[in-house]
Amino acid sequence: STMRERKRTDPLRPTDPHHSSTDGSEGKEKLRLKREVGLISGVSLIAGTMIGSGIFMSPEWVLHHMGNPASSLLIWAACGLLAMFGALSYAELGTIIKESGGEYIYILRIFGSFPAFIFAYTSVILVRPAGLAAVSLSFAEYAIAPFYPGCSSPQVAIKCTAAACILILTIINCLNVRLATSVMNIFTAAKLLALFVIVVGGLVLLAQGQTQSFQNGFQGTTAGVGTVGVAFYQGLWSYDGWNNLNYVTEELKKPEVTLPRALMIAIPLVTCLYLLVNVSYLAAMAPSELLSSGAVAVTWGDKVLGSWAWLISLSVALSTFGSSNGTFFSGGRVCYIAAREGHMPDILSMAHVRCLTPSPALLFTSAMSLIMIASGNFTSIVNFFSFMAWFFYGMTISGLLYLKIKKPELPRSYKVPIIIPIIVLMAAVYLVLAPIIDQPQMEILYIGLFVFSGIILYFPLVRFKYHPRFLQTVTLHLQLLLEVAPTTRDAN
């Protein structure tokens, strides 16, 4: 059939690949993704994805919604703390359910098929491609900014460059997992160096007495419930990626050790850097200048580095390209795992027979991202992405609380204090409801209609397993064209 049904002996454990085969072919060699991601690559995947476009584009929007520098810095610190709490909660889930797929696989194993399908349908078609599109658009904006000095870059050039970025990443990720992780490691080092330059520049300015932006720092603070929620959206966008390692659990070396360690190194590092970079921006610019800047880091470079300001545009372009690679790497895995569980067309669950990469899933994610680039803009994509992401983060965290209370006997190598997931769940509920209550928008209605369309598709295609015959023919031809074959999971 075009969508495969999976049998499980335990609701939280997949069938052991050493005792059964995905395709019923006992004794035959099984095709699996390789375990190529170690501790350094894990830290690079988290930090490299988190440090992308957000810290170079979101500071002005956080300041705009909060009204003053001091409260905006508090938002940045609170976002880092929330990301750390969320990551620690996910670390425990990752040691209980040792499968790739992140939220999707956790929702599937804990709540069942229907909510997992809704997540996969929403994430694969909209949420993940939207995140990739937003980062690629910001990469394009900084990459071509030096070619249009003194004026805004044309939208056509920005969108074509963003599309080229996604196509290059598609090729890299389809060729080799090790190549993709090497790109992540190199670009993570480059972006950390760029942020270090900005931090040092800011400290020098502070030492010279440029502290005007911090005087009367809380004056004019905005206190609206919905406004603070939107400010959190923009800040948390910069921290997005804290959960990326959970998407590739089956590709981690010693996941029970690597997963918690990588999280505890990467997220505090990124949080400290973000706070220091924001302080540097405010040392170089008055709040009014920061608010009027279309590209905060470039404006900072013009003021502090003078003729060397082009280095900042280059560094930001490198940073956002590396972040796009991390987003693409993990986003394609969600599509692949959902297809492997029978919630997406079967072709998306296959891997290239030589490269051992989930190339059909990566190609599909690429195609959806290109559609997003053609039809959207950065700010609207970020708000849409954040709303949907935190809805499903909240659902996943509630699943962890259920396991902690109802199934404490399940083996796990790491435990998080129960108060931490409770705080994350409360924050998720606030982030989903506050903007709806305070500033309802038409986009929420569109999201509701899209989710409803997923409900309509679920019952014939998944629940009652109606699979049109032509899809089998299409799958066969695509399998031959793309040189891919079915895979089995490796959850040991």
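Sequence gap at least 6, Cα distance under 8 Å: using those rules, report the relative contact order of the chain to the nearest whole percent.
Details: 797 pairs, mean separation 171.0, N = 492.
Reported relative contact order: 35 percent.
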Sorted on mean Cβ neighbours within 10 Å (highest first), peptides 428-436, 285-293, 60-68 come out as 60-68, 428-436, 285-293
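Give me the 1.4 Å probe accessible area per residue for the chain, excluding ligands and nucleic acids, in Å². Numbers along the way, then the final one.
Working: 19610 Å² over 492 residues.
Dividing the accessible area of the chain by its residue count gives 40 Å².
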What are the extents of the Cα atoms of the range 179-318 along their three principal axes, in Å, largest first?
50, 42, 26
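Where does each of 74-85, 193-204 land if you order them by average Cβ count within 10 Å, highest first?
Numbers: 74-85: 20.8, 193-204: 17.7.
By packing density, highest mean first, the sequence is 74-85, 193-204.
Rg(Cα) of the range 47-90 divided by 2.2 N^0.38 Å? Spell out each step's value before the answer.
Working: Rg = 11.7 Å, N = 44, 2.2 N^0.38 = 9.3 Å.
Its radius of gyration relative to the 2.2 N^0.38 Å reference: 1.26.
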May I ask you to derive the FRET efficiency for ALA207 and ALA367 from their Cβ-Cβ distance with R0 = 45 Å, giving the value to the nearest 0.05?
0.35
Using the Karplus equation 6.51 cos²θ - 1.76 cosθ + 1.60 (θ = phi - 60°), what ³J(HN,Hα) coupling, rounded to whole Hz, does each residue of the range 353-366 give in order, writing x for Gly and Pro?
5, 9, 6, 6, 10, x, 4, x, 5, 5, 5, 5, 4, 4
Taking a label point 7 Å from the Cα of LEU275 along the Cα→Cβ vector, which residues of the range 63-95 have an amide N closer than 14 Å to it?
70-84
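Counting only protein heavy atoms, what percent of the accessible surface of the chain is carbon or sulfur at a 1.4 Å probe? Present the calculation step by step, with values, prior to reporting the outcome.
On the way: 13180 of 19610 Å².
That share works out to 67 percent.
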Can you figure out the FRET efficiency of CYS151 with PHE111, using R₀ = 45 Å and their beta-carbon distance, to the nearest 0.05?
0.30
Between ILE422 and PHE470, what is the label-to-label distance in nm when each label sits 7 Å out along the Cα-to-Cβ direction?
5.5 nm
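Grab the Cα-Cα distance for ALA286 and ILE171, subtract it from 0.36 nm times how many residues apart they are, and report the gain in nm with one decimal. All intermediate terms of the calculation are to be shown ahead of the outcome.
Numbers: separation 115, 0.36 × 115 = 41.40 nm, distance 4.27 nm.
Answer, rounded to one decimal: 37.1 nm.
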How far apart, in nm, are two points set 7 Å out from the Cα along the Cα-to-Cβ line at MET264 and at VAL353?
4.5 nm
Please give the Cα centre distance for the range 80-111 versus the range 125-179, rounded to the nearest Å.
29 Å
In whole Hz, with x marking every Gly and Pro, tabulate ³J(HN,Hα) for the range 58-65 from phi via Karplus 6.51 cos²θ - 1.76 cosθ + 1.60, θ = phi - 60°.
6, x, 5, 6, 4, 4, 4, 6
Can you list residues from other chains, or at least 5 along the same chain, whose modelled amide H is less than 5 Å from the amide H of ALA351?
ALA485, THR487
Can you give the extra length, in nm with one decimal, that the chain gains between PHE196 and GLN215 once fully stretched, where that is 0.36 nm per residue apart less the Cα-Cα distance?
4.3 nm
For the range 111-125, Karplus couplings with θ = phi - 60° (6.51, -1.76, 1.60), whole Hz, Gly/Pro x
9, x, 5, 4, x, 5, 5, 4, 5, 4, 4, 6, 5, 5, 8
Whole-angstrom Cα spans of the range 381-437 along principal axes, big to small:
40, 19, 15
Using modelled amide H (1.01 Å from N, peptide plane; none on Pro or chain starts), what sits under 5 Å from the amide H of MET344, excluding residues fewer than 5 places away?
ALA339
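Any idea what % of Cα-Cα pairs in the range 39-481 are farther than 32 Å? Please report the intermediate quantities before stating the final value.
Values: 34578 of 97903 pairs.
The calculated P(r) of the range 39-481 puts 35 percent of pairs beyond 32 Å.
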Extend 7 Å from the Cα of GLU483 along its Cα-to-C-beta direction; within the range 155-176, residues with backbone N under 18 Å of that point are 170-176
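The values are calculated or read from the model by the stated rules, or taken from the named source; none is laboratory data. Nothing here was measured: the structure is a model prediction, and the numbers come from that model. Reconstructed Cβ throughout: ideal geometry from the backbone, glycine too, with neighbour counts over all protein chains shown. Ligands, DNA and RNA are stripped out before the accessible areas are found, and what is left, the full protein with its side chains, is counted by its heavy atoms. Shrake-Rupley method; radii C 1.70, N 1.55, O 1.52, S 1.80 Å.
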